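Working notes, beginning with the structure itself.
None of the figures in this text is laboratory data; all of them are computed from the coordinates on show. Being a predicted model, the structure only gives us computed values, none of them experimental. Neighbour counts run over all protein chains shown; Cβ positions are idealised from the backbone, glycine included.
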Amino acid sequence: MKQYVLRRVALAVPTLVLVSVIVFSMMRLMPGDVVIRMVEGHAYAPTIDALRKELGLDRPAYLQYVEWVGGIVLRGDFGESYWTRQPILDEFVGRFPVTLELATLTILVSVVIGIAVGIVSAVRQDTVADYVGRVLAILALSVPYFGLAVLVVVLPSIYFRWTPVWTYVPFTTDPLANLKIMIVPALVFGVTRAGPIMRIMRSALLEVLRQDYIRTAWSKGLTERAIVLRHALKNAMVPVVSLIGLQMPLYIGGSVIIEAIFRLPGVGLFFFEALTRLDYPVVQSVNLIVATMVVALNLLIDLSYAFLDPRIRYR
């Protein structure tokens, strides 16, 4: 187990380096000039040159990259925003609870709906319940979450002359008001992610239910509930957990659009606003932090396989 973890951590290093290089390069290739945007039309040459020098944009790109990565590795300094001049790490930490809550609720919604519908569909194979579940899964796969989010925001104002007020309230201030605001975007995002989980859950459970030990359990006279929940479900969860791990970048990356549509002051909105303003350090650092979190979460999910299936061993 220890050697496996060390190998995975060692492989994560070149992955994160590659992510940093790609994001850094793509930001420099984007059209537009952040310095000109910052002077807001007062583009006098001395002002532009002075601002460019102050931000360090007058130096070669490779020196900018080395300075940025060196600050992170040696001092844990992710830099400051060009626009607000606030430390990026402080902004990230302050906004992260909102994104974490949204991601947690989204995962909870998608997993509960996907697993529940998948179990019913597998246990009642080729019945009306199975057909309904499969149709719902296809619909969830077909509808883009950002399109559904826009409809949820726009349609009430068109047909009911009512526009919801998405004024964020911290959970620590008023838990009930906070959940009223967060549950709608979590449902919108979670329902669209439940489709793949439902399909994998159904396929995996059907395969497990055909195993010899399940037939032995039936012959012993165990109830259907005990067979499915106590004997079959745990082994069927391995591919489902794998899928959830693969969807982690979607859960985190999708928060950018969801938070922008519902105006939730999380990391996603922070990233979206920085991207539209060409705030290079913010975009680069947020990408690197999120990439590190995704790598760590995937490692934890891989290690959870041994708990779900004792036959799995790590070397």
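For the listed peptides 51-60, 276-285, a ranking on the average number of other beta carbons within 10 Å per residue, highest first, reads 276-285, 51-60. In percent, rounded to a whole number, the relative contact order of the chain is 27, using alpha-carbon pairs under 8 Å and six or more apart. For the stretch 97-280, relative contact order (Cα pairs under 8 Å, six or more residues apart, normalised by length) works out to 32 percent. At each listed q (0.15, 0.16, 0.25 Å⁻¹), what is the log10 of I(q)/I(0) that the Debye formula gives for the stretch 99-202 modelled as equal alpha-carbon point scatterers? Cα-only, vacuum Debye calculation for the stretch 99-202: -0.70, -0.77, -1.20. Bridging of Lys2 to lysines at a Cα separation below 27 Å is possible for Lys234, once same-chain residues fewer than 8 apart are set aside.
Treating each Cα of the chain as one equal point scatterer and applying the Debye formula with no solvent, the log10 of I(q)/I(0) at q = 0.10, 0.12, 0.13, 0.14 Å⁻¹ comes out as -0.74, -0.98, -1.08, -1.18. Listed by chain and number, the aspartates and glutamates whose alpha-carbon sits under 17 Å from that of Lys220, ignoring those within fewer than 8 places in the same chain, are Asp212. Where does helix 175-209 land angle-wise versus the long Cα axis of the chain, in degrees 0 to 90, nearest 10? Computed tilt is about 50 degrees. The alpha-carbon of Lys180 sits under 18 angstrom from the alpha-carbons of these aspartates and glutamates, leaving out residues fewer than 8 places away in its chain: Glu101, Glu259. The fraction of all Cα pairs in the stretch 97-280 landing in successive 5 Å bins from 0 to the largest distance is 1, 8, 14, 16, 15, 13, 11, 8, 6, 4, 2, 1, 0, 0, given as whole percents. Taking the C-alpha atoms only, the angle from helix 280-308 to the longest principal axis of the chain is near 20 degrees. With a simple spin-label model that places each label point 7 Å from the Cα along the Cα-to-Cβ direction, the separation between Ser219 and Val184 comes to 5.7 nm.
Pairwise Cα distances in the stretch 1-135 exceed 20 Å in 70 percent of cases.
Run lengths n ≥ 4 of DSSP H only: what is the helix-derived mean residue ellipticity at 222 nm for the chain, with -39500 (n - 2.57) per run over all residues, to the nearest 500? Theoretical 222 nm ellipticity from helices: -25500 deg cm²/dmol.
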